[in-house]
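**Student:** Take this structure first; my questions come after.
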Amino acid sequence: MVALLTSAYLGPVRYYEKLAGFDSVIIERNENYVKQTYRNRCRISSANGVLDLSIPIKKDADKCPTKDIRIAYTENWQQMHWRAIESAYSSSPFFEYYRDDFEPFYKRHSVFLLDFNEELRQIVCSLIGLESKVSMTDAYMSEIKTEMVDFRESFSPKKIVEEKMTPYYQVFSQKFGFLPDLSIIDLLFNMGPESILVLKK
């Protein structure tokens, strides 16, 4: 079976469960870009609760393919995101171990959102040990083949997670309890090499 996913900025844990659970994954890059989704935002756990980090984008037209969306740098969002990540996870067990893999992304300017997301996904998959075969669509996938499972509408920061998730250690769990479906970096910084075990449960 093949999983069909959208692009995601440090996507949620359930997104990476699909990458762990399918041998082959196709990422949709030709869809019309959708605002207020995981395509340009991620959710982390901070000392004050769940925090959304959004990448500002330039949008030239109402119906612009995801692959053509450019990142905006009118504000210093990179510094804000990295400071938030550092503040949230500096006391987590594996932040210092992985920080050098992520910090460079917040010091250079990527032009396209899709490229930025994809480079981060590759780093995450490499660190976790996910070996799914990942490719990109050549055209919008309007007809789903029988061997495909369409997850393009399955992940949204606006939707309440109804699936039960495997709990794992989180830095602020004593304060907030277990917070499901945060960004994959929440799992990685808290669980390190055991992240793959959580994703495959």
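The values are calculated or read from the model by the stated rules, or taken from the named source; none is laboratory data. If you're wondering where the values come from, they're calculated on a predicted model, not measured in any experiment. Here the Cβ is made from the backbone with ideal geometry for all residues, glycine too, and neighbour counts use every protein chain on show. Side chains included, ligands, DNA and RNA excluded: accessible areas come from the protein's heavy atoms. Shrake-Rupley method; radii C 1.70, N 1.55, O 1.52, S 1.80 Å.
**Student:** Among (1) of a type in the set (Ser, Thr, Tyr); (2) over 22 Å from ASP52 (Cα atoms); (3) not in a loop (DSSP other than H, G, I, E, B), there is one condition SER142 misses while meeting the rest; what is its number?
**Tutor:** With respect to (1) of a type in the set (Ser, Thr, Tyr); (2) over 22 Å from ASP52 (Cα atoms); (3) not in a loop (DSSP other than H, G, I, E, B), SER142 is out only on (3).
**Student:** Can LEU127 be described as open to solvent by 40 Å² or more (accessible area, probe 1.4 Å), under 22 Å from GLU103 (Cβ atoms), among the aliphatic types (A, V, I, L, M) and out of contact with any strand residue (DSSP E or B) (no Cβ under 7 Å at 6 or more places or on another chain)?
**Tutor:** yes
**Student:** Shifting gears a bit: Output the residue which, of all residues in segment 30-42 that are in contact with a Ser or Thr (Cβ under 9 Å, 6 or more places away or on another chain) and surrounded by fewer than 20 Cβ atoms within 10 Å (Cβ to Cβ), is farthest from ILE144 (Cα to Cα).
**Tutor:** Among residues in segment 30-42 that are in contact with a Ser or Thr (Cβ under 9 Å, 6 or more places away or on another chain) and surrounded by fewer than 20 Cβ atoms within 10 Å (Cβ to Cβ), the one farthest from ILE144 (Cα to Cα) is ARG41.
**Student:** Could I ask something else about it? In this structure, is VAL171 modelled with pLDDT under 95, more than 17 Å from the chain's Cα centre (by Cα) and buried (at least 18 other Cβ atoms within 10 Å of the Cβ)?
**Tutor:** Here the answer is yes, as VAL171 does meet what is asked.
**Student:** Let me ask you something else. Go through segment 11-29 and report how many residues are surrounded by 15 or more Cβ atoms within 10 Å (Cβ to Cβ) and assigned to a strand (DSSP E or B).
**Tutor:** 5
**Student:** If you don't mind, there's one more thing I want to ask. Which of the residues that make up segment 68-82 are open to solvent by 10 Å² or more (accessible area, probe 1.4 Å), assigned to a helix (DSSP H, G or I) and either closer than 24 Å to GLU31 by Cα or aromatic (Phe, Trp, Tyr) (or both)?
**Tutor:** ASP68, TRP82
**Student:** Here is a follow-up. Only residues that are basic (Lys, Arg) and in a loop (DSSP other than H, G, I, E, B): list them for segment 145-201, please.
**Tutor:** Of everything in segment 145-201, those that are basic (Lys, Arg) and in a loop (DSSP other than H, G, I, E, B) turn out to be LYS145, ARG152, LYS158, LYS159, LYS164, LYS201.
**Student:** Out of everything in segment 130-162 that is β-branched (Val, Ile, Thr) and touching a strand residue (DSSP E or B) at 6+ places or on another chain (Cβ under 9 Å), what residue ends up being surrounded by the most Cβ atoms within 10 Å (Cβ to Cβ)?
**Tutor:** The extreme case among them is VAL134.
**Student:** Which condition number does PHE176 fail, the rest of (1) under 13 Å from SER45 (Cβ atoms); (2) over 16 Å from the mean Cα position of the chain (by Cα); (3) open to solvent by less than 40 Å² (accessible area, probe 1.4 Å) being met?
**Tutor:** (3)
**Student:** Answer yes or no as to whether PHE112 is open to solvent by less than 30 Å² (accessible area, probe 1.4 Å), out of contact with any Gly (no Cβ under 9 Å at 6 or more places or on another chain) and touching a residue at least 12 places away in the same chain (Cβ under 8 Å).
**Tutor:** no
**Student:** Which condition number does SER92 fail, the rest of (1) open to solvent by 60 Å² or more (accessible area, probe 1.4 Å); (2) not in a helix (DSSP H, G or I) being met?
**Tutor:** Result: SER92 passes all but (1).
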